[in-house]
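Everything on this sheet refers to the single structure shown next.
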Amino acid sequence: MEEKSIKRLYYSIAEVSEITELKPYVLRYWETEFPELHPNKNRAGNRIYKKSDIQLIFAIKRLLYEDRFTIDGAKQRLRQMKENDELSGQLSFLGEIHKNGFLEEIRKALVECLEILKK
C-alpha cells in the first residue's frame, strides 16, 4: 500500500516540539529572541505553527546547533538570508519529518487505533 503524506495547515507546540526535537520552552524562548518567529494563536490562546514557521525553526536550529552561531549572530544571518531569499529553500520540512520517522510513528499509531476500533 502506498504511503500518503499528511498535510495540515497548523501544528501544536507539542507536535512542533516532536518534529524539531526541541523542548517547548526552547521554542517559546526563540519566539522572544527571533521576531521572524511569531506563530499565531487560536481562540484558546494556544500557539499554532504553520509549515513556514517550522521551516524557520529548522533554520534557526541549524544556525545555532550545527553552524554554532550565537543568538545575535543567528539573528544577523537570518536577516541576510531573508534579504538574499535563501531562507525559503534552506530546509526541506518534509525531508526532516521523514528523517525523524515522525510520519511512520503516526501511521503505526493510526493502524493500532484502527485495530482497536475493529474489535
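Could you say which residue among LEU56, LEU63, LEU27, LEU22 is part of a loop (DSSP other than H, G, I, E, B), surrounded by 15 or more Cβ atoms within 10 Å (Cβ to Cβ) and touching a residue at least 12 places away in the same chain (Cβ under 8 Å)?
Result of the check over LEU56, LEU63, LEU27, LEU22: LEU22.
Taking GLU104, is it under 21 Å from the mean Cα position of the chain (by Cα), more than 11 Å from ALA59 (Cα to Cα) and either at pLDDT 70 or above or in a helix (DSSP H, G or I) (or both)?
Against the criterion (under 21 Å from the mean Cα position of the chain (by Cα), more than 11 Å from ALA59 (Cα to Cα) and either at pLDDT 70 or above or in a helix (DSSP H, G or I) (or both)), GLU104 qualifies.
Of everything in segment 30-53 that's crowded, with 18+ Cβ neighbours inside 10 Å and part of a helix (DSSP H, G or I), which residue is modelled with the highest pLDDT?
Looking at residues that are crowded, with 18+ Cβ neighbours inside 10 Å and part of a helix (DSSP H, G or I), I get TRP30.
Name the residue that is modelled with the lowest pLDDT, counting only residues in segment 66-76 that are under 17 Å from LEU22 (Cβ atoms) and not in a helix (DSSP H, G or I).
ASP67
In segment 77-101, which residue that is assigned to a loop (DSSP other than H, G, I, E, B), out of contact with any Phe, Trp or Tyr (no Cβ under 7 Å at 6 or more places or on another chain) and under 21 Å from LYS50 (Cα atoms) is modelled with the lowest pLDDT?
SER92
The values are calculated or read from the model by the stated rules, or taken from the named source; none is laboratory data. Bear in mind that the values here come from a model prediction, so they are computed numbers and not experimental data. Heads up, the Cβs are rebuilt from the backbone with ideal geometry, glycines too, and the neighbour counts pull from every protein chain shown.
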